[in-house]
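Note sheet for the following structure.
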Amino acid sequence: MDKNNITGVQYVPIYLLGKDNHVIEDYYNLRVQEGIGEITSPSIVDKGPKCPQCGFYKKFLCQTPLYFSRDTWNGNDICYTKDWFGQPPCAQGKWPIISPRLYRLLKENKIKLFSVMPAFFV
């Protein structure tokens, strides 16, 4: 990914903990930042009550494809959504969004065990 100038990700070394704490060569923790705004209409979202302390919804389930306003995207090849999806007891989290360029690179390099669904700009 680094040689293809993929934007939106930092490669952080992974350390083998112990006496020496040395770096494990060729393995990295990928750090991805938020880079696209809230989903917008025509997306249909089932929202639970909003927590007054943290501001997150107890339940946030999107029942349609994801739609975003184009001007909320920072242009990176990979980023996280601003919204947190899911509901307890399942894990809640931000969803990764990838560009068509990154999708094409993953397919061309025969990267497997990932799935995607389309998202749209309005």
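The values are calculated or read from the model by the stated rules, or taken from the named source; none is laboratory data. These figures come from a predicted structure and were not determined experimentally. In this analysis, Cβ positions are derived from the backbone assuming ideal geometry, glycine residues included, and neighbour counts consider all displayed protein chains.
Would a scan of segment 93-115 turn up a residue that is among the hydroxyl-bearing types (S, T, Y), over 13 Å from G8 (Cβ atoms) and assigned to a strand (DSSP E or B)?
So far as segment 93-115 goes, no, none of its residues is among the hydroxyl-bearing types (S, T, Y), over 13 Å from G8 (Cβ atoms) and assigned to a strand (DSSP E or B).
State which residue is nearest to the chain's Cα centre (by Cα) when the search covers only segment 85-110 and only residues that are of a type outside the set (K, R), at pLDDT 90 or above and surrounded by fewer than 11 Cβ atoms within 10 Å (Cβ to Cβ).
Top of the filtered list is P100.
In segment 26-40, which residue that is touching a helix residue (DSSP H, G or I) at 6+ places or on another chain (Cβ under 9 Å) and free of Cβ contacts under 8 Å to residues at least 60 places away in the same chain is nearest to D77 (Cα to Cα)?
Checked segment 26-40; the qualifying residue nearest to D77 (Cα to Cα) is G37.
Output the residue which, of all residues in segment 37-65 that are among the aliphatic types (A, V, I, L, M) and touching an Asp or Glu at 6+ places or on another chain (Cβ under 9 Å), is surrounded by the most Cβ atoms within 10 Å (Cβ to Cβ).
I39
Please verify whether segment 26-33 includes one or more residues that are surrounded by 12 or more Cβ atoms within 10 Å (Cβ to Cβ) and not in a strand (DSSP E or B).
Scanning segment 26-33, I find at least one residue that is surrounded by 12 or more Cβ atoms within 10 Å (Cβ to Cβ) and not in a strand (DSSP E or B), so the answer is yes.
Look at Y57 and say whether it is touching a His at 6+ places or on another chain (Cβ under 9 Å) and aromatic (F, W, Y).
no
Can you name the residue in segment 66-84 that is more than 15 Å from the chain's Cα centre (by Cα) and loosely packed, with under 14 Cβ neighbours inside 10 Å and, of all such residues, is farthest from A119 (Cα to Cα)?
Start the filter on segment 66-84 by keeping residues that are more than 15 Å from the chain's Cα centre (by Cα), which leaves 69-71.
In the following step, the residues that additionally are loosely packed, with under 14 Cβ neighbours inside 10 Å were identified as 70-71.
Working: R70: 11, D71: 15 Å.
In this case the residue turns out to be D71.
For segment 41-61, check the following and say yes or no: at least one residue is in contact (Cβ under 8 Å) with a residue 60 or more places away in the chain and within 13 Å of the chain's Cα centre (by Cα).
No, segment 41-61 contains no residue that is in contact (Cβ under 8 Å) with a residue 60 or more places away in the chain and within 13 Å of the chain's Cα centre (by Cα).
Any residue in segment 68-82 that is under 10 Å from I98 (Cα atoms) and in contact (Cβ under 8 Å) with a residue 60 or more places away in the chain sitting within a Cβ distance under 7 Å of a residue that is of a type in the set (D, E) and assigned to a strand (DSSP E or B)? List the pairs, counting only those 6 or more apart or interchain.
So the pair list comes out as C79/E34.
Is there any pair with a first residue in segment 1-24 that is touching a residue at least 12 places away in the same chain (Cβ under 8 Å) and a second that is charged (D, E, K, R) and surrounded by 11 or more Cβ atoms within 10 Å (Cβ to Cβ) whose Cβ atoms are under 6 Å apart and which are 6 or more apart or on different chains, and what are they?
From segment 1-24, the pairs are I6/D77; T7/D77; G8/D77.
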